[in-house]
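Enquirer: The structure that follows is given in the form of C-alpha cells.
The values are calculated or read from the model by the stated rules, or taken from the named source; none is laboratory data. These numbers were taken from a predicted model, which means no experiment stands behind them. For neighbour counting, all protein chains shown are included, and Cβ atoms are generated from backbone atoms with ideal geometry for every residue, glycine included. All accessible areas refer to the heavy atoms of the entire protein, side chains included, with ligands and DNA or RNA removed. Shrake-Rupley method; radii C 1.70, N 1.55, O 1.52, S 1.80 Å.
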There are 2 protein chains.
Amino acid sequence: MDIVFKAINDPTRREILRFLTHGPQNAGTIAQQFNMTKPSISHHLDLLKQAQLIDFSKNGQFLVYTLNKSGFETIHAWFQPFTMFFELPKPKIRL
Amino acid sequence: MDIVFKAINDPTRREILRFLTHGPQNAGTIAQQFNMTKPSISHHLDLLKQAQLIDFSKNGQFLVYTLNKSGFETIHAWFQPFTMFFELPKPKIRL
DNA sequence: TTTATATTTAAATATTTGTTTAATTATTTA
DNA sequence: TAAATAATTAAACAAATATTTAAATATAAA
C-alpha cells in the first residue's frame, strides 16, 4: 500500500500517469515529454510499475506502457472512508 | 498541490487522518496513539495542516485538530480523470 | 555479423525526509 | 507569581529519494 502513495508523491510520475490517459505509450515517447534523462524516466516507470499504477508489454524492441487498474483501486479504497465526511461533487447522471 | 501528495505519503500521517474520522482530537490525544515522540507528531500535524487536510482551533491550552475538506477535494480532483478509465465500485444507493 | 536503436541497470551524489533531544511559548492552577 | 501542563520550534543526524553519467541488455536493420 505504501508504495502507491510513494509513487504518486512525485510530480513527474503524476505527469506520466496523466500522459498515459491518452493511451498506451512507448518508454521513449514518454521520456520525450520530460526535460530529464531516460534513466531517470525509466526509474520512475519502474516505481509506477511496482505500485501497479502502470503495466507494460513488449513489442519488439519497444516497451509499451499502459495504465493499470489495481493501483488506482488501492487509492480509491483508501479515500473511501473520507468521502463520508465531505460533500464532494456529485455525478451529473445516474450511475 | 504537491504538498497534499507529500502529506499522504507517510503512514503515520495517514493514520492520523484516519483517527480524525472519529471526530476532533487534541494534539496530545493524537500523539498517544503512536509510539513516537510528541515533537514528531507535531511535525506531522504541521505538514497535514500545510496540505489543508486538517485544521485546528485553540481551546485553552489545547489545540484541537479536525479534518479539513480542502485537501481531500484536491486529491479527489486529481483522481477524477482516472476514474474514467476503470470500473470502480458503484454506490449502492442513488446519490 | 556488425552497427544502430530502445531501454534498463548500476554506481555515485546532492537533496529531502522523519526522528530524536533540548529549548521555547502559552495557558492553567496552586 | 511560581510551578505544572500542553504543545511547538530548533538543531542535529541517519535514512530515503531523484537525478546524473556510464555500462549493460535486447532487438532490429544493414
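Enquirer: Restricting the stretch A:13-44 to residues that are open to solvent by less than 40 Å² (accessible area, probe 1.4 Å) and basic (Lys, Arg), which is nearest to A:Gly60 (Cα to Cα)?
Expert: In this case the residue turns out to be A:Arg13.
Enquirer: List the pairs whose first member sits in the stretch B:7-21 and is more than 7 Å from chain A (Cβ to nearest Cβ), whose second member is among the basic types (Lys, Arg), and whose Cβ atoms are under 6 Å apart, counting only residues at least 6 apart or on separate chains?
Expert: B:Ala7/B:Arg13
Enquirer: Could you check, for the stretch A:35-53, whether at least one of its residues is more than 12 Å from DNA strand D (Cβ to nearest atom), of a type outside the set (D, E, K, R) and within 14 Å of chain B (Cβ to nearest Cβ)?
Expert: Yes; the residues of the stretch A:35-53 include at least one that is more than 12 Å from DNA strand D (Cβ to nearest atom), of a type outside the set (D, E, K, R) and within 14 Å of chain B (Cβ to nearest Cβ).
Enquirer: Based on this model, can you work out whether B:Asp10 counts as more than 12 Å from the chain's Cα centre (by Cα), closer than 19 Å to A:Trp78 by Cβ and either near DNA strand C (Cβ under 10 Å from one of its atoms) or surrounded by 15 or more Cβ atoms within 10 Å (Cβ to Cβ) (or both)?
Expert: So B:Asp10 fails the test.
Enquirer: Can you pull out the residues in the stretch B:48-73 that are in contact (Cβ under 8 Å) with a residue 40 or more places away in the chain, closer than 24 Å to A:Leu17 by Cβ and surrounded by 18 or more Cβ atoms within 10 Å (Cβ to Cβ)?
Expert: Listed by number, the residues that qualify are B:Leu48, B:Ala51, B:Leu53, B:Gly71.
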